[in-house]
Amino acid sequence: MSGSIVRKWGKTLAVRVPSDIARAIGLTEGETVEVETQDGDIVIRRRAAHARGRQDAEQAAAEIIADSRGHSLEGLSIRDLIDDGRRG
């Protein structure tokens, strides 16, 4: 884990991203990031990474749905399976 000191930059506060972290994630100068708070912490998210994560999740969901069409529950509903599981 790398540390960084909060400094004043004009009228705002700034945090420098250590070069080893920037290199590891491919962060470049001038890239737009999203900054938000979460449970008292600061979260910095790359827009490109966020969009890529969403695309990966959508692709995985599509693959799961396509794969599930090849399986049959032999007429059983989800409720039947849940009830059967509770009976042991």
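The values are calculated or read from the model by the stated rules, or taken from the named source; none is laboratory data. This one's a predicted model, so the numbers in the text were calculated from it and none came from an experiment. Every residue, glycine among them, receives a Cβ derived from its backbone with ideal geometry; neighbour counts consider all protein chains shown.
Details
- Inter-residue pairs, beta-carbon under 9 Å, first within 17 Å of Ala14 (Cβ to Cβ) and in the stretch 28-57, second modelled with pLDDT of 85 or more and among the polar types (S, T, N, Q), 6+ apart: Val43/Thr37
- Residue check, Gly85 part of a helix (DSSP H, G or I), over 24 Å from the mean Cα position of the chain (by Cα) and loosely packed, with under 10 Cβ neighbours inside 10 Å: yes
- Answer residue from the stretch 43-75, given it is touching a strand residue (DSSP E or B) at 6+ places or on another chain (Cβ under 9 Å) and not in a helix (DSSP H, G or I) and is surrounded by the most Cβ atoms within 10 Å (Cβ to Cβ) among those: Arg46
- Output for the stretch 43-62, where each listed residue is charged (D, E, K, R) and either closer than 19 Å to Ser2 by Cα or at pLDDT 90 or above (or both): Arg45, Arg46
- Any hit, the stretch 5-26, residues being basic (Lys, Arg), part of a strand (DSSP E or B) and either modelled with pLDDT of 90 or more or surrounded by 10 or more Cβ atoms within 10 Å (Cβ to Cβ) (or both): yes
- Of residues in the stretch 27-42 being surrounded by 11 or more Cβ atoms within 10 Å (Cβ to Cβ) and of a type in the set (A, V, I, L, M), the one farthest from Val6 (Cα to Cα): Leu27
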